[in-house]
Amino acid sequence: MALLQIVHLPEPILRKKAKPVTQFDKDLQVLIDNMFETMRDAPGVGLAAPQINLPMQLAVIEYAEGEDEEQEEGAPPPKKKQFVLINPEIVKASEEKVMGVEGCLSIPGLVGEVERHEAIQVKALNRHGQPVKLKVKGWMARIFQHEIDHLNGVLFTDRATRIWKPAEEEEDIPLD
Ligand code: NI
């Protein structure tokens, strides 16, 4: 496995619409594994292909609900869930929207308050090219929307109602 280089603004690829993935070969499997490794190393909770300079509709996500809350001593850590999103499309979105603070591995040093759908349904392909339908809510739904935005050249700063440099105690905001 190998670590990939994450690109930052103003790299133009971050503003382009990514192209659908059509080849589900060995190279794609290696790329997906390397993206997971790069995301964990960053560390982050999601990574989209344009962030590693590839114009592909592909993103990886790994997050455990409750990961950022304080754990009872001796309690098992919350279980992380992994997703690979290929050519994803939001097919349903809750009317309810929620505010949350987001950061991005491609925009170091800034966070912002972003309104997102509380729950969404996504149609996508998995890493083997098989169609999947995913229902997510809460923080996971936020991460999904952030990653799908990346595949359309949209960044959280475009949607944020307020952007700031995080103070030290805010620096553990999950990035993607
Ligand atoms: Ni991001």
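For residues that are open to solvent by 30 Å² or more (accessible area, probe 1.4 Å) and within 16 Å of the ligand (Cβ to nearest atom), scanning just segment 123-165, find the one that is nearest to the chain's Cα centre (by Cα). So, considering only residues that are open to solvent by 30 Å² or more (accessible area, probe 1.4 Å) and within 16 Å of the ligand (Cβ to nearest atom), the one nearest to the chain's Cα centre (by Cα) is Trp139. Candidates are the residues of segment 55-69 that are modelled with pLDDT of 95 or more and part of a loop (DSSP other than H, G, I, E, B); the one that is nearest to the chain's Cα centre (by Cα) is Gln57.
Of all residues in segment 131-176, those satisfying the criterion of being modelled with pLDDT under 95 and aliphatic (A, V, I, L, M) are Ala167, Ile173, Leu175.
Among all residues of segment 72-87, there is at least one that is open to solvent by less than 20 Å² (accessible area, probe 1.4 Å) and either in contact (Cβ under 8 Å) with a residue 12 or more places away in the chain or within 15 Å of the ligand (Cβ to nearest atom) (or both).
Within segment 20-39, the set of residues being more than 15 Å from the ligand (Cβ to nearest atom) and under 17 Å from His146 (Cα atoms) comprises Phe36 only. When you scan segment 104-112, do you find a residue that is assigned to a strand (DSSP E or B), within 16 Å of the ligand (Cβ to nearest atom), without any contact (Cβ under 8 Å) to a residue 60 or more places away in the chain and open to solvent by 40 Å² or more (accessible area, probe 1.4 Å), even just one? Looking through segment 104-112, none of the residues is assigned to a strand (DSSP E or B), within 16 Å of the ligand (Cβ to nearest atom), without any contact (Cβ under 8 Å) to a residue 60 or more places away in the chain and open to solvent by 40 Å² or more (accessible area, probe 1.4 Å). Tell me, which residue of segment 12-54 that is part of a loop (DSSP other than H, G, I, E, B), in contact with a helix residue (DSSP H, G or I) (Cβ under 8 Å, 6 or more places away or on another chain) and open to solvent by less than 40 Å² (accessible area, probe 1.4 Å) is farthest from Val84 (Cα to Cα)? Once the filter is applied, the top-ranked residue is Ala18. Scanning segment 1-19 for residues that are within 16 Å of the ligand (Cβ to nearest atom) and among the basic types (Lys, Arg) returns Arg15, Lys16, Lys17.
The values are calculated or read from the model by the stated rules, or taken from the named source; none is laboratory data. What you are looking at is a predicted structure, and each value in this text was computed from that prediction instead of being measured. Note that each Cβ is placed from the backbone with ideal geometry, even for glycine, and that neighbours are counted across all protein chains shown. With ligands, DNA and RNA removed, areas are computed over all heavy atoms of the protein, side chains included. Shrake-Rupley method; radii C 1.70, N 1.55, O 1.52, S 1.80 Å.
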